[in-house]
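These notes concern the structure reproduced below.
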Amino acid sequence: MPSYQVRPAIPRDAMAIADIFAAAIQVSFQGLVPDDEIAALYATKRQGYWREAIEMGEPQIQVVTDGEQVVGFVGYDRSRDAGTPSTMGEIWQIYVNPIRWDTSAGLALWDAARDGLEEEGCTHVSLWLPM
């Protein structure tokens, strides 16, 4: 079993995050959604998008690593939904490299997001899904 560590994302993680996002979307929706629509889901979220999100801190992004290799990420913050209380958090995205899906990488990311949202005063959380 890998020994995962979770840490805040840094700009040099942007390419790994973009690659993980693309791979996870492709595998998740293959056979359910036409290939051109799958490509459209991740086409706008390339390295530059993730670098900017990391630098701006919106959403807050944590990565899970196995040694020096980034194997997944989670983005979270307060809810973007209009009218929700300040105690409502939101998981904007949570993705793990598909070859790591049967490991505890996703759980490590969930725990990091939960802890981060609790630090922000959030007592409830919603999860955004692309479909």
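The values are calculated or read from the model by the stated rules, or taken from the named source; none is laboratory data. Everything quoted here is computed from the prediction, not taken from an experiment. Glycine also receives a Cβ, built like all others from the backbone with ideal geometry; neighbour counts cover every protein chain displayed. Please note that ligands, DNA and RNA were not included when accessible areas were found on the heavy atoms of the full protein model with its side chains. Shrake-Rupley method; radii C 1.70, N 1.55, O 1.52, S 1.80 Å.
Below are the figures for this structure:
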read-out: Extension gain (nm, one decimal) between TRP128 and ILE10, 0.36 nm per residue minus Cα-Cα; value: 40.2 nm
read-out: Protein-only accessible surface order, largest first, of THR123, THR65 at 1.4 Å; value: THR123, THR65
read-out: Cα gyration tensor category, rounded, prolate or oblate, for the stretch 16-131 with a/c compared to 1.5; value: prolate
read-out: Of the DSSP H helices in the chain, those whose Cα atoms cover at least 20 Å axially and whose Kyte score averages -0.5 or more; value: 14-29, 105-119
read-out: Spatial separation of Cα centroids for the stretch 52-131 and the stretch 6-33, in angstrom; value: 13 Å
read-out: Most mobile of TRP50, TRP101, TRP92 in a GNM of the chain (Cα contacts under 10 Å); value: TRP101
read-out: Highest-first arrangement of 25-38, 78-91, 108-121, where packing means the average Cβ count within 10 Å; value: 108-121, 78-91, 25-38
read-out: Overall form of the stretch 1-62 per C-alpha gyration tensor (a/c, 1.5; a/b vs b/c); value: oblate
read-out: Virtual spin-label span in nm between GLN69 and THR84, 7 Å along Cα→Cβ; value: 3.4 nm
read-out: Accessible area of TYR49 in the full protein assembly, 1.4 Å probe (Å², nearest 10); value: 90 Å²
read-out: Residue-averaged 222 nm ellipticity for the chain, from DSSP H runs of 4+ at -39500 (n - 2.57), nearest 500; value: -12000 deg cm²/dmol
